[in-house]
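First comes the structure, then the notes that go with it.
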Amino acid sequence: MRKGLWMLSLCFLALPIGAQNEKENGEKAKSVVMKEVTVEAARVTKKVDGLLIIPSAAQREASTDGYSLLAKLSLPRLRVDEVMRTVTPLMNDGSVQIRLNGTLASKEDLLSLDPKLVKNIDFIDNPGVRYGEGIGYVIDIQTRRNTTGYVLGADLSNAVTTLNGDNTVYAKVNHKNSELALTFTSLYKDQHGFRSSEVADYTLNNGSHYLVSRNQTDGRSRRFGNQFEIKYSLADSATYVFQADLSVGGGNTPGNYAEFVYRDGTVEQTYRTINVSSDFSPTLDLYFFHQLGKHQSVTANVVGSGIYTDKRGYNGEGRTYAYDVDGRTWSLESEAIYENKLKPFTLSVGLEHSMSFTNNEYTGDVSALNKVRRGELYIFSQVKGRWKQLGYSAGVGVANKTYSQGDHSFDYWTFRPKLTLSYEVLTGLSARYTFETYRRVSSYAMVSDAKIRENSREWKVGNPNLQPSRVIKNIFDISYNGSRVSCGANIEYRRDLGSNMSVYERTPTDEFLYSQQNVGNIMMIANQNYVRYDVVPERLSVTLFGGVFRFFNVSSLYRHYLTSYNYGGNVEAYLGRWTLTGYADNGWKYVEGEHEGRNGAAIYFGVSYRWSRCSLSLFMQHPFQQHPVIQRGKVLNENLYKTYSYRSRDLGNMITLKFSWKLSRGKSYKEIEKKVQNEGYKQTGIM
């Protein structure tokens, strides 16, 4: 593995020479070579906050929807699973936001996307202060749209080796400045192959060790859900955009259970756990954009949403333990942004406001009523521009955050400056430095005052006194984008001061209580590299990536360190109507607090064939693996040492068939761009 990383580094270090050679060749034969570079290099353009990518004609033709197109772009440090419809960062450095013409895109938006209408993709791997905290990546897909015509389509994805499916039908009608879109999605899952195993060593108050194993022998995991969305937009590309989006979704997990065998050396017991729930969530999104002259614009957005959740938990280990949760969350978010594209730079000024109310009532063996009120006012200002070879982005965000729950409350201000400088060393070769600091808030579920039993020995306890931590980031990266080769190296040093770190408390009755407290600091040093090579332009490309990560968890109670390695690659081949794809990585290993975890490795193979308005694809996940590991980990507490693993027979050798059909008719296109960044509140606060 280390040899592979050295090879990546050597490939990268050799590229500046190639870049210089291209420049020298261009000076000798400008009329021929420079024209070729302009056409080819325009596919990937380096920006101060990321990459501007123009998909090739082969990539557009071979893609059936938004996920399919993103999977073919080999975006650095991201894993795109077009079967499961997910985009996941390979390291824990923030969530991924996907946008369509500037606005947050739903899964249904990506499934109904026509890749042939995509102009370019703005891949932002260094989001500025105008984006919310905790956002690591932004993918903004820019498209054209019909001004007259219609689109009808279906995207049907169903596994043939297990019961798992996700099917979408959609329709869009355009007439002059108006567009009406309808989307309906239905998903289902009914699997029996999930298994977990656990070995725990409890150190009791008398100094003795109590060894326990919990092995799952049977179980069932079901999920049924539906989502309906209706969207109306009125747009004039030179003046205004108005959009109203109403979506209603819900799901049900009936009859989910797991059977376990419990052994402690003297006692063997079988027991059952049950976890069933249902949820319903309506959302209304209103958006308005107005162009003020040639350089100025204003946008406004209001999003109201509700989440209604009913949940039942049961654990039969030892004394029978059961509880119910009646959860309700309502939220309202609004945002306004002013932007002025001046000659030296672009100025953005914005105001965001959000408030939410959560009412979670626990009954049964858990008795608690969590009434939580949250509010946030965020003001930001940002400038972004370029002077000769120097690119820059500087911004400041100031937020006032309030929280109250019973007798617990806090009201504090956060200050979030961010500075990015980039420099074009040679043609296609650029270096970038970023500094950022902000305060990070823990999951709202962990600041509740509820106490929930995990098993006969362990409990999860909320901490209403949990305070935000301070995050400091320093990032340096260097990248090269040529006609056939793209590569990059990224070094990040991150410190999390006053972190929300895990704490295990042993009670006099030998119960182990897990909570989070501000007891120390977490640091991470990471080096990540990637290289993409178009072996045959428009036909065959190969991408390799690798990284080394060092973690430091230092608190007043413990110290834990870890060095981990991440590596993988993918291959894409475009053979006329046929498309072949392959992807593999070794997973992501980390330690945070007293929890060491590792996500399972991923291996995907796909083949697709398209004709006329249809496309048929076959995907295999985790080939030649009967019970692939989804996740494994450890608890490293001095009084509780535990190892655990989760496996799934259903995901082993999983074969999925995907059928896409699209009928469209239209003429002329109109540019439309929505620029707000709001994301509806999605935390239920349920532990």
Could you name every one of the strands (runs of 3 or more DSSP E) located completely within region 349-464 that has at least 2 residues being closer than 30 Å to ARG484 by Cα? 368-387, 390-405, 408-426, 429-440
Criterion first (buried (at least 22 other Cβ atoms within 10 Å of the Cβ), in contact (Cβ under 8 Å) with a residue 60 or more places away in the chain and over 18 Å from ALA601 (Cβ atoms)) does LEU70 satisfy it? yes
So which residues in region 503-538 are in contact with a helix residue (DSSP H, G or I) (Cβ under 6 Å, 6 or more places away or on another chain) and assigned to a strand (DSSP E or B), if there are any at all? GLN516, ASN529, VAL531
Can you spot a residue in region 440-458 that is open to solvent by 20 Å² or more (accessible area, probe 1.4 Å), farther than 30 Å from LYS311 by Cα and under 25 Å from the mean Cα position of the chain (by Cα)? no
Of a type in the set (D, E, K, R), in a strand (DSSP E or B) and out of contact with any helix residue (DSSP H, G or I) (no Cβ under 9 Å at 6 or more places or on another chain): which single residue out of ARG610, ARG550 fits that description? ARG550
I'm told ILE121 meets every condition in (1) open to solvent by 10 Å² or more (accessible area, probe 1.4 Å); (2) under 18 Å from PRO76 (Cα atoms) except one. Can you identify the failing condition by its number? (1)
Hey, can you tell me all the residues within region 330-362 that are of a type in the set (Val, Ile, Thr), modelled with pLDDT under 95 and either buried (at least 17 other Cβ atoms within 10 Å of the Cβ) or in contact with a Phe, Trp or Tyr (Cβ under 9 Å, 6 or more places away or on another chain) (or both)? ILE337, THR358
Which ones in region 416-439 are surrounded by fewer than 19 Cβ atoms within 10 Å (Cβ to Cβ) and among the charged types (D, E, K, R)? ARG416, GLU424
Yes or no: region 408-415 includes at least one residue that is open to solvent by 40 Å² or more (accessible area, probe 1.4 Å) and of a type in the set (Val, Ile, Thr). no
Looking for something over 22 Å from ARG613 (Cα atoms), at pLDDT below 90 and either part of a strand (DSSP E or B) or open to solvent by 20 Å² or more (accessible area, probe 1.4 Å) (or both) - is there at least one such residue anywhere in region 144-156? no
Being over 23 Å from LYS589 (Cα atoms), open to solvent by 60 Å² or more (accessible area, probe 1.4 Å) and not small (Gly, Ala, Ser): is that true of GLU511 here? no
Count of residues meeting criterion [among the hydrophobic types (A, V, I, L, M, F, W, C) and at pLDDT below 95] in region 267-290: 4
Is there a residue being open to solvent by less than 50 Å² (accessible area, probe 1.4 Å) and at positive phi anywhere in region 250-258? yes
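So which of TYR533, TYR604, TYR574, TYR583 ends up being in contact (Cβ under 8 Å) with a residue 12 or more places away in the chain and either hydrophobic (A, V, I, L, M, F, W, C) or open to solvent by 40 Å² or more (accessible area, probe 1.4 Å) (or both)?
On the way: TYR604 fails: either hydrophobic (A, V, I, L, M, F, W, C) or open to solvent by 40 Å² or more (accessible area, probe 1.4 Å) (or both); TYR574 fails: either hydrophobic (A, V, I, L, M, F, W, C) or open to solvent by 40 Å² or more (accessible area, probe 1.4 Å) (or both); TYR583 fails: either hydrophobic (A, V, I, L, M, F, W, C) or open to solvent by 40 Å² or more (accessible area, probe 1.4 Å) (or both).
Of the residues listed, the single one that is in contact (Cβ under 8 Å) with a residue 12 or more places away in the chain and either hydrophobic (A, V, I, L, M, F, W, C) or open to solvent by 40 Å² or more (accessible area, probe 1.4 Å) (or both) is TYR533.
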What are the residues in region 193-209 that are in contact (Cβ under 8 Å) with a residue 60 or more places away in the chain and either part of a strand (DSSP E or B) or surrounded by 15 or more Cβ atoms within 10 Å (Cβ to Cβ) (or both), if any? GLY193, PHE194, ARG195, SER196, SER197, GLU198, VAL199, ALA200, ASP201, TYR202, THR203
First in region 657-668 and farther than 25 Å from SER157 by Cβ, second anywhere and open to solvent by 70 Å² or more (accessible area, probe 1.4 Å) and at pLDDT below 90, Cβ under 8 Å, 6 or more apart: ARG665/TYR150; GLY666/TYR150
Scan region 324-348 and report the pairs whose first residue is of a type outside the set (S, T, N, Q) and whose second residue is surrounded by fewer than 20 Cβ atoms within 10 Å (Cβ to Cβ) and not in a strand (DSSP E or B), with Cβ atoms within less than 6 Å and a gap of 6+ or a chain change. GLU333/ASN678; GLU335/ASN678; LYS341/HIS295
Restricting the search to region 404-456, which residues are basic (Lys, Arg) and at pLDDT below 90? ARG439, ARG440, LYS451
Number of the condition not met by LEU163 [criteria: (1) open to solvent by 20 Å² or more (accessible area, probe 1.4 Å); (2) hydrophobic (A, V, I, L, M, F, W, C); (3) closer than 18 Å to GLY50 by Cβ]: (3)
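The values are calculated or read from the model by the stated rules, or taken from the named source; none is laboratory data. As the structure is a prediction and not an experimental result, all values here were calculated from the model. As a convention, Cβ positions derive from the backbone with ideal geometry for all residues, glycine included, and neighbour counts pool all protein chains shown. In case anyone asks, the SASA skips ligands and DNA or RNA and just uses the protein heavy atoms, side chains included. Shrake-Rupley method; radii C 1.70, N 1.55, O 1.52, S 1.80 Å.
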